[in-house]
Amino acid sequence: MGNYVVFFGYTDQGIRDVKDSPGRVKAAKKIFQDSGAKIKSFYLLMGMERYDTMFLVEAPSDESMAKASLRISSLGNVRTHSHRIFTEDEFHKIVAGL
């Protein structure tokens, strides 16, 4: 399982219906869970020009993350931007292999 940070930026449609966002967060969590991922946490962001919210996610593969992110984006309320992230232990292993 890998760790990912997924940034979400509201589309025009998403910000018009921002009051529906809590329900959309719940729906996004289900989409991630259906792809085998585990939601570690959710955050509302301030001061980031392009992104409004983010999830920290643990997922079985890059492919499962891509599929879930595309499913969420296809609903039209947000655009997603996902990054693979590494824990401190993973970082130490990577550096030790140099």
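Result for the chain in a Gaussian network model with C-alpha springs under 10 Å: among G47, G14, G36, the largest mean-square fluctuation is at G47. Just checking the listed ones, F32, F42, F86: in the Gaussian network model of the chain with Cα springs under 10 Å, the one fluctuating most is F86. The simple Förster model, with R0 at 22 Å and r as the Cβ-Cβ distance, assigns V95 and N3 a FRET efficiency of 0.80.
Arrange the following residues from fewest to most other Cβ atoms within 10 Å of their Cβ: R16, R24. By the 10 Å Cβ count, ascending, the order reads R16, R24.
FYI, it's all coordinate maths here, none of it is from the lab. Because the structure is a prediction, the values reported are computed rather than measured. Backbone-built Cβ (ideal geometry, glycine too); neighbour counts: all protein chains shown.
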